Amino acid sequence: MDTEKLSLWTSEEFLKKYFYQCKFNDRYSKATGSIAGQWVRNPWDGKMKEIIFNFVREYVNKNQTLPEGEHSFKLDWGSGYLKDVLLKDQIVTFPKLTEVKYD
C-alpha cells in the first residue's frame with residue numbers, strides 16, 4: 001500500500017472532512033439551529049469525532065484501507081441530560097472507498 005495514502009488517511013485534516021461523509025443513526029448528529037440542539041450537538045460532535053478519528057487511524061494501520069459500511073460503537077454519556085437524549089449504540093456508516101471525497 002502507498003505510504004503517502006496511509007499518511008493522508010490518518011491525518012487530522014483528512015479525518016475532519018471524512019467525518020462529515022459518514023452517516024450516523026443519532027438524530028442529534030444533524031441538530032442545527034436551536035439552542036437545545038447545540039447543547040446536545042456540540043458534546044455529541046466532540047465525542048464522536050474523537051471516537052471516529054481513533055477508530056479510523058487504528059483501522060487504517062491494521063487493514064491498510066479505510067473502513068466501509070456500518071460499524072457500531074457503544075458509548076457511555078455519563079450522568080446528566082446527555083444520557084437521556086443520546087443513543088448508547090451509535091451506528092456509523094462509512095462511505096465506500098470509491099465514494100470518499102478528498103477535497
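Observations, loosely collected:
- Contour excess over end-to-end distance, with Cα ends at residue 88 and residue 73 and 0.36 nm allotted per residue: 4.6 nm
- Per-residue ellipticity at 222 nm, computed for the chain from helices alone with -39500 (n - 2.57) per DSSP H run of at least four residues, works out to -15000 deg cm²/dmol.
- Against the main long axis of the alpha-carbon atoms of the chain, helix 35-63 sits at an angle near 30°.
- Rule-of-thumb Rg ratio for the range 3-96 [Cα; 2.2 N^0.38 Å; N residues]: 1.14
- Cross-link pairs exceeding 20 Å in C-alpha to C-alpha distance, out of 17/101; 49/74; 74/96; 5/47; 23/101; 17/49, comprise 74/96; 5/47.
Taken together, the values in this text are just the output of simple stated rules run on the coordinates, not laboratory data. Note that the structure is predicted; figures quoted are calculated from it, not measured.
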